[in-house]
Amino acid sequence: MSTAPACLPPPGLPGLDPRWSVVVEARDADGVSRSWHVLDTHADGPEEDIRLTVLCVHGNPTWSYLWRSVLASAPADVRVIAVDHLDMGFSDRTGTVRPLAQRVADLGSLTSALGVVGPVVVVAHDWGGPISLGWVLEHQDEVAGVALLNTAVHQPDASRAPSVIRVARATPVRHAATVLTPAFIRGTTALSGRRLPPDVAAAYSAPYRSADARAAIGDFVADIPLEDDHVSAGTLEAIAEGIRALTMPVLLLWGPGDPVFSDRYLHDLEERLPQADVHRYEGARHLVIEDAPALVADLWTWISDLRAGGAEQAADDRAGSAQVDRPMWAALAERAAADPDGLALAEPRDGSWRRIPWALLDANVARLASGLAAEGVRPGDRVSVLIPVGADLIAVIYACWRLGASVVVTDAGLGPRGMVRALRSAAPDHIVAVPKGLALVRLAALPGRRIPVSRLVEIARAGAALPLPAGPGLDDEALVAFTSGSTGPAKGVVYAHRQLQATRDLLQEHYGLTPDDALVAAFAPWAVLGPALGIPSAIPDMDVTAPRTLTARAVADATRQVRGTLMWASPAALTGVLKTASALTDDDLAALQSLRYVLGAGAPVSAAILHGIQRLVPGASVRTPYGMTEVLPVCDVVIDDIDAAGPGPGVLVGNPLPGVEVRISEVDGEGRARGLLSDAPGVLGEVAVRAPHRKVRYDRLWATERASSRDAGWHRTGDVGSLDERGRLWIAGRLAHVITTVDGPIGPVPVEQAVERIPGVDRAACVGVGPTGAQLVVVVCVTGGREEGVANLALTDDVRAVTGLDVAAVLLRRDLPVDIRHQSKIDRRAVAEWADRLLAGRR
C-alpha cells in the first residue's frame, strides 16, 4: 500500500468553498505524525467568537464534501468542522489498515489538534456513526447533542446484514469492487433517491481516482464485523451498549429507501436512544442529505433549539399517567350490560346483513384481548390491523385498547403503495390481517409479527377471556392514524387515550347523542366510533377505496338496519348518493327520514351537494364539519348558514366548537405563514387550532411536528383561510397551494367556487404558474368533454368576469387528480405542473 500526505481538493468542486479547506498535522494513537484534510468554517476566523462547534463525520466511501451545505449555512458564531478520515478523502494515505478502535482514537487525536472544546454537536453518517459515537462516549461532558444520518451500531437480532454489504464484503469481490475499480463509490452516489448532478457525483469521486487512493474503501468494508471474532466486533458492541447511557439530545435523520441502512437500523437506534427525535424523509435513500432538500435546514433548527435550551413545548394538560376514568370501551360495556341483545353493529355480508348484539361484541373484545396477549401482544406495543371495515376490525381495535396496545390504522383508501409506506413508517410490532393483508405484508417484507385474524377469531369463539392487565393511562399511546396524503406522503398522527376520549366526548356533547341514536358510517372508518359513543352503527355496502360507489339505496338500507339518526360521509360519497337517488323507492325514502344529522366532511362540500341531500332528507340538519386527521372536529356549519352567508372568501365552515380555538397566521408574498396568531377578521393566513383533542405529535416526523406546533399549544393545520367579523372560519385552500402573485397571495378555493358557478363547468382548479412572488393565475376547468388544452375565448372571458382576476390562461382537462381516500381533494401541485408543461409546449 502506497503512502501520500494530505492535500487540498482541486478547485471548482460545486458547493465547496476553498477557504474552508485546511491540512492539519496531528499524532495518531501510536505517536505517528499524520496529516488530515478538514473543512473548517473558522479556518482563518477568530476562535473567541465561537459559541458552538459542530463536528461532522463522514462514512464510507464519501468524504467531507458530504457536509458542504451544513458549512455553507452555518451561523457566524458556530464553527463547523468536517473531517476526512485518514486514508479517505484528501487526508494522509498512511499505508496502514485502521480498524474501528483506531478510527475512534484518530478522531480524538484530530479534535485535540484542532482545539475542539465543548459545547459540541456531533453529526455523522454511515460508518461515521460508530466512529463518532465512540468519540462521544469519551467526551460526554463536551457534547451538547448528536445527530445521526443513516447509520448503524448493531446488526438487529434475527436479521442478516444487507445483501449489498455481504456481496461487497465477500473476499473475491471486495478488492475488485472497492479498490481496483470505482464501482463502490459510483454505486454509493447511485444510491441517491434523486439523480445527482454529474458534477456533484464527480466531486464525490474526486479523492478516489486511483486504486491506491481507494485502498481504505476496501478496508472499511472489510472492517464491518459480521463475525463474533472479528477484530472490531468487541469495539462496536461496546459502542452499541455504551450509547444506552447517553443522556444528551439526539436527532435521527433518515432516508427510509436506503438499501443498506434500512428502517430496521433506525428502530435499533431508537431502542438504544429513546430520547431521540426522529424524522424520516420519504423518498430519500442512503445519501439522505442529498435526497432531502429540507434536511440541512431541519438540522440547524434542531441545533438552534438546543442552543436556546430546547424547543418550547406546548403547555397543556397532557402530563401525568392517571388511569383512564372512562376508557374508550366503557360505553360498549355499559350497553352490553343494560341491553345485551340490542343491536350494536350491522354490516353487509354476502347480500344480507350480519347483526351483532352488544353482549356478543363486548365478549368478543375481551376474548380477542386475551388472544392478542397469548400471541405476545403487550401493553405499549403497536398493532397494525389490516382487516376490512366491519365487526372484526372494530372488535380487534377495542381489544388492543383494552390490552393497552396502540392501533396502527392504514385504511385501504391510501392504496396499496400508500399502505406499505405508512406501515414501514409506523413500524408495528404486530400485524393482524386477513389473507389479502398478509399477502401484502409478505410481498413488501413489512416489519412486525404476523397474526392471521382467523386465528384470533377462533380464539374468540373458543371460550372465556383471561385476566387482562390494568387499563392504559390517559397519556399512553392509543392510535396512529394516517392523513390522506393529498399534499404529499401520508403522515402518521399519534393520539393518546386522552385525545381520543376528548374527541368522543365532544362529538357526543355537540350533537346531543343518546343511546337512542345510531350511526350510518358512509365514511367507513367512523364506524369504529359507534361503540365508544354507545350507539349502534351500520356500514353501507360500498367500496371504501372508491367513495363514489356509494348508492342512495345502500344508504337507505343501512339506515333502515339501525334506524340511523347520524350519517357521516365524504363529498365524493354524497355525490354518489345524489347520482343514484332516482333509484330510491318510497320505502327507501321513508327509511332515510330517521336521519336527524347528515355530516359531509373530509374535503370542501359544495352547496349544490348539501342542497341535494337536504331535498332527500328535509327533516335532517345537513352540516359540514371541518377538521383534519390531526384534530377533528374543529368547526361545524349548517346549510342554512351557508345560504345566508352567500359567496365569500372560501368555504364557510362555521364557528369553532366548544373548547376549540382558531387563529390565523398571515401569509406573506412568498406564500409563507410567518405572522403571529391573530383573530383579526379578513386576514388570509394559515389556520391554527387549539383544542383538547388535537394530536399528540406526528410520528417519526420531528421537523414536521416542530413546524406545526411551533406556537405553544397550537396545531398549524396547513390550511389557509380567514375569520369574519362573527368569528366564523372560511377555508380558502391549502398553504402549499397559495398562488403568490405580484399583487399578493390568493387562496384557490374562492376562485374555484366562482368558476364552478359558470354553466357547463363541472369542476375547477386554480393554480399558480411561474416564480414565487410573481406567479400567474391559471384556471383549469372540467366541462364534461374529452378535449384538453386551452379553453375557448368565451369561457376564458367568463372566468375572468366571475373571478375579477387577471387570469393568464384558462385550460381544459378531462378530470382533476384527487386524493385516493376521499376522492375530493384536488392535487393542485400536479395540476400546476401539468399547466406549466402545456403552456410551455411540453405535453
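The residues listed here are Pro416, Pro388; of these, the one that is farther than 22 Å from Gly534 by Cβ and either in contact with a Leu (Cβ under 7 Å, 6 or more places away or on another chain) or buried (at least 24 other Cβ atoms within 10 Å of the Cβ) (or both) is Pro416.
On the basis of being closer than 23 Å to Arg734 by Cα, open to solvent by 10 Å² or more (accessible area, probe 1.4 Å), among the polar types (S, T, N, Q) and modelled with pLDDT under 95, does Thr483 make the cut? Against the criterion (closer than 23 Å to Arg734 by Cα, open to solvent by 10 Å² or more (accessible area, probe 1.4 Å), among the polar types (S, T, N, Q) and modelled with pLDDT under 95), Thr483 qualifies.
The sole residue among Asp679, Asp699, Asp719 that is closer than 25 Å to His510 by Cβ, buried (at least 19 other Cβ atoms within 10 Å of the Cβ) and of a type in the set (Asp, Glu) is Asp719. When Pro18 is tested against (1) open to solvent by less than 50 Å² (accessible area, probe 1.4 Å); (2) modelled with pLDDT of 95 or more, just one condition goes unmet, and that condition is (1).
Suppose the filter is under 26 Å from Val742 (Cβ atoms), open to solvent by 10 Å² or more (accessible area, probe 1.4 Å) and at pLDDT 95 or above; does Pro692 pass it? No: the conditions fail for Pro692.
The single condition among (1) within 22 Å of Ala608 (Cβ to Cβ); (2) out of contact with any Gly (no Cβ under 6 Å at 6 or more places or on another chain); (3) open to solvent by 10 Å² or more (accessible area, probe 1.4 Å) that Val755 does not satisfy is (3). In the range 410-427, of all residues being modelled with pLDDT of 80 or more and charged (D, E, K, R), the one that is farthest from the chain's Cα centre (by Cα) corresponds to Arg417. When restricted to residues that are open to solvent by less than 10 Å² (accessible area, probe 1.4 Å), under 34 Å from the mean Cα position of the chain (by Cα) and more than 13 Å from Pro547 (Cβ to Cβ), the range 568-612 contains 3. In this structure, does Leu729 turn out to be of a type in the set (A, V, I, L, M), in contact with a strand residue (DSSP E or B) (Cβ under 7 Å, 6 or more places away or on another chain) and in contact (Cβ under 8 Å) with a residue 60 or more places away in the chain? Taking the combined requirement at face value, the residue satisfies it.
Cys766 passes every criterion in (1) farther than 17 Å from Ser606 by Cβ; (2) surrounded by 21 or more Cβ atoms within 10 Å (Cβ to Cβ); (3) not aromatic (Phe, Trp, Tyr) apart from (1). Please verify whether Ala809 is of a type in the set (Gly, Ala, Ser), modelled with pLDDT of 95 or more, closer than 30 Å to Thr410 by Cβ and in a strand (DSSP E or B), treating the condition exactly as stated. Here the answer is no, as Ala809 does not meet what is asked. With respect to the stated conditions, Asp557 fails to be acidic (Asp, Glu), within 31 Å of the chain's Cα centre (by Cα) and within 30 Å of Met328 (Cα to Cα).
Give the residue that is nearest to Leu423 (Cα to Cα), with candidates limited to residues of the range 215-262 that are open to solvent by less than 40 Å² (accessible area, probe 1.4 Å) and touching a Gly at 6+ places or on another chain (Cβ under 6 Å). If we take residues in the range 215-262 being open to solvent by less than 40 Å² (accessible area, probe 1.4 Å) and touching a Gly at 6+ places or on another chain (Cβ under 6 Å), then Gly257 is nearest to Leu423 (Cα to Cα). Within the range 360-381, not a single residue is of a type outside the set (Val, Ile, Thr) and in a strand (DSSP E or B). Could you list, in sequence order, the residues of the range 187-212 that are farther than 25 Å from Ala292 by Cα and crowded, with 21+ Cβ neighbours inside 10 Å? Residue satisfying the conditions is Tyr208 alone.
Scan the range 793-819 and report the pairs whose first residue is over 22 Å from Glu833 (Cβ atoms) and open to solvent by 30 Å² or more (accessible area, probe 1.4 Å) and whose second residue is modelled with pLDDT of 95 or more and in a loop (DSSP other than H, G, I, E, B), with Cβ atoms within less than 6 Å and a gap of 6+ or a chain change. Pairs that qualify, where the first residue is over 22 Å from Glu833 (Cβ atoms) and open to solvent by 30 Å² or more (accessible area, probe 1.4 Å) and the partner is modelled with pLDDT of 95 or more and in a loop (DSSP other than H, G, I, E, B), are Asp798/Ile758. Which of the residues that make up the range 546-567 are open to solvent by 50 Å² or more (accessible area, probe 1.4 Å) and either out of contact with any helix residue (DSSP H, G or I) (no Cβ under 9 Å at 6 or more places or on another chain) or closer than 19 Å to Leu414 by Cα (or both)? Listed by number, the residues that qualify are Arg548, Thr549. Of the helices (runs of 4 or more DSSP H) lying entirely inside the range 42-146, those carrying at least 3 residues that are hydrophobic (A, V, I, L, M, F, W, C) and within 18 Å of Pro225 (Cβ to Cβ) are 100-113, 128-138. Pull up the range 169-186, narrow it to residues that are closer than 14 Å to Asp223 by Cα and assigned to a helix (DSSP H, G or I), then point me to the one that is least open to solvent (accessible area, probe 1.4 Å). That would be Thr178. Can you tell me which residue among Pro428, Pro489, Pro435 is touching an Asp or Glu at 6+ places or on another chain (Cβ under 9 Å), at negative phi and open to solvent by 20 Å² or more (accessible area, probe 1.4 Å)? On inspection, the qualifying residue turns out to be Pro489. The residues of the range 523-545 that are of a type in the set (Ser, Thr, Tyr) and open to solvent by 10 Å² or more (accessible area, probe 1.4 Å) amount to a single one, Thr545.
Taking the range 200-315 and the helices (runs of 4 or more DSSP H) fully enclosed by it, the elements with 2 or more residues that are within 18 Å of the chain's Cα centre (by Cα) and at pLDDT 95 or above are at 263-272, 288-291, 295-307.
Here the range 323-364 is the region considered, the condition is being small (Gly, Ala, Ser) and under 14 Å from Ser537 (Cβ atoms), and the residue that is surrounded by the fewest Cβ atoms within 10 Å (Cβ to Cβ) is Gly342. Hey, any hits in the range 12-31 for a residue that's part of a helix (DSSP H, G or I) and under 24 Å from Ile217 (Cβ atoms)? Yes, the range 12-31 has at least one match. Out of the range 757-772, which residues are touching an Asp or Glu at 6+ places or on another chain (Cβ under 6 Å) and either of a type in the set (Asp, Glu) or assigned to a loop (DSSP other than H, G, I, E, B) (or both)? If the condition is that a residue be touching an Asp or Glu at 6+ places or on another chain (Cβ under 6 Å) and either of a type in the set (Asp, Glu) or assigned to a loop (DSSP other than H, G, I, E, B) (or both), then Ile758, Thr772 are the ones that fit. Can you spot a residue in the range 484-506 that is among the β-branched types (Val, Ile, Thr), under 27 Å from Arg417 (Cα atoms) and part of a loop (DSSP other than H, G, I, E, B)? The answer is yes; a qualifying residue exists.
Cβ-Cβ distances below 7 Å connect the following pairs, each with a first residue in the range 583-603 that is closer than 30 Å to Ile731 by Cβ, a second residue that is in a strand (DSSP E or B) and of a type in the set (Ser, Thr, Tyr), and a separation of six or more residues or different chains: Arg596/Ser621; Tyr597/Ser621. Filtering the range 107-163 down to residues that are open to solvent by 10 Å² or more (accessible area, probe 1.4 Å) and polar (S, T, N, Q), which residue is nearest to Ala6 (Cα to Cα)? This residue is Ser109.
Residues in the range 651-667 that are buried (at least 16 other Cβ atoms within 10 Å of the Cβ) and either not in a loop (DSSP other than H, G, I, E, B) or not aliphatic (A, V, I, L, M) (or both): Val651, Leu652, Val653, Gly654, Asn655, Pro656, Val662, Arg663, Ile664, Ser665, Glu666, Val667.
The values are calculated or read from the model by the stated rules, or taken from the named source; none is laboratory data. Worth saying up front: this structure is predicted, and the values here are computed from it rather than measured. For neighbour counting, all protein chains shown are included, and Cβ atoms are generated from backbone atoms with ideal geometry for every residue, glycine included. Heads up: the accessible areas ignore ligands, DNA and RNA and are worked out on the full protein's heavy atoms, side chains in. Shrake-Rupley method; radii C 1.70, N 1.55, O 1.52, S 1.80 Å.
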